[in-house]
Amino acid sequence: MVSTTPPVQASLYVIGIGGTGSKCLEAIIHLAATGVFPVKTLKILFVDADESNGNLERSRQTLSTYTACQQVINSTSQATNWLKTEVKSYDLWSPFGTQADEKRLNSFFGHISMRQQHPELADLFDVLYTPEEQKTDLQVGFRGRPAIGAAIMSQIDLDRFNEKPWASVIGEIQQEATAGRQVRILLCGSIFGGTGASGLPTIGKLLSEKVTREGQRNRIKIGAVFMLPYFQFAAQGSEVQEGEVFARSENFLINTEAALRYYTKQAEGTFDQVYLLGNENRSTFNFSLGKNTQKNDPHFLELYAALAAKDFLTTPDAGDDRNVVLVSRRSLGVLKWTDLPGRGEVRQKLLQTTRFAYVWLDNLVPEFNAIRQSGTSQYNKIPWFPKFYKTKGNLFGSKDFLPDFSNAEEQNAISSITNWCSEFMQWLYQIHKVDGDRVDLFMPGALNSRSSKGTYLNSLMDSDPRAKEIRERDTIQTLLDGLEQTGQNLNKDHRGTIGLAKTLFDLCKV
């Protein structure tokens, strides 16, 4: 997955299908904050029949927090890699459309009228689907049954692409292709569940047919991240009743085998690039039928999905040579920096972003809280504070030169940045806490707790190849001293909370 050739200039659209697809988009949004995607705007679309899915809700919250902070940070001209990429969302599309009363298989296909008008088709329908499958409520999605999802997805045709939000997605794709830009469309989802397994081939094929019909297929590359089984469920909860249709983790491998056979024989020409991602050690998630209780913790395999998106964007066009990309690690049960694709750049940018979030939460947020409580008596004790905010004894210009810390705009910026830092660190912590594997990228304890001022920042990493004397100088206090020194030389456009955050981020580079 590591390319030695220069990155190409292309636009990237990512479609997350089902709950696992939403989790992949969550990881992509977090990775976008580090600056690894060389695009101005990353465009995403959620696809799910379960519109209240907990994984979907968390991903949308991640997007909301990212967008709020990104808009604040990019309101000034001071350049930085942090949050430089805008993430544009077309929000959510459901294969059921607006027909909420048809979220049962039998009503969706009009089984009663089918029995009256085409009894032979009704007989076939009854052979393919059990009575329980026909009448089960699909408000919570396809319940891990690809056959149910395939029946619904099979009714999608090219005309559905004239509906919202597809009309906007397709329109922008065609506009960019017509303008001569290379366009990359990446679909993400599981191939062992319901929505992803049924949606990936159908949507991929329809997109390929749509752009082929418009004569633009040669300028548009379509890829897929197939998530193989990487989790299982704990014992089913008490909400499962006798005869209930639900996802069974013991069927995941059977579903996967069937899906891979389909892609081998039937999906020829649909995808230009395929990424297969799975894990032999399957993590255990709490069982849920769906809706907001289906909120599984992030997993490091979703970080790999985000890195696959980066690879798909930056790898030059291979022409007619279609590839299946696989990635492996050196030791089963252990994940190290050397196992990550593009590990040099990824490590540097992920580390810089994590150091920034850590220092912001560890030191600056407590200082902000103390200033709100104590006022002047406190900020006079903070050497970097007068370099970015107005104080009575400020040595830099008039009161119009520096913003007042108590201004609503400054407080909103602090809140937006703090919210983003908290969510990013929590996501990073959770991908280190998956059961069955040891993730040796960062130290989980440091990600999940605030330590005292002056902590050695190399304690964030599981290993640090730098010389001992460099590690010993790498403290939070060293960064704060750098804030004071750098802040003294910044112009007025780089002051206040935004200037403070951008300056700190640049100082956190290793």
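Values in this text are rule-based calculations from the coordinates and carry no lab data. None of the values given here were measured: they were computed from a predicted structure. Backbone-built Cβ (ideal geometry, glycine too); neighbour counts: all protein chains shown.
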* Using the beta-carbon distance between Ser377 and Thr478 and R0 = 25 Å, what value does 1/(1 + (r/R0)^6) give for FRET efficiency, to the nearest 0.05? -> 0.45
* Across every pair of different alpha-carbon atoms, what Kirkwood hydrodynamic radius in Å does region 470-510 reach? -> 10.6
* For Lys509 paired with Ser52, estimate the spin-label separation in nm (one decimal), with each label point 7 Å from Cα along the Cα-to-Cβ line. => 4.8
* Asked: How much length is gained on full extension from Thr178 to Asn407, taking 0.36 nm per residue of separation minus their Cα-Cα distance?
  -> 77.8 nm
* Rounded to the nearest 0.05, what FRET efficiency do Gln71 and Leu332 give with R0 = 51 Å and r taken as the Cβ-Cβ distance? Could you check? => 0.75
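Over 30 Å between Cα atoms: which of Lys88/Lys509; Lys40/Lys433; Lys210/Lys336 fall into that group?
Over 30 Å apart, Cα to Cα: Lys40/Lys433; Lys210/Lys336.
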* Structure fact -> Ranked output for segments 221-228, 116-123, 426-433 by mean other Cβ atoms within 10 Å, highest leading, reads 221-228, 426-433, 116-123
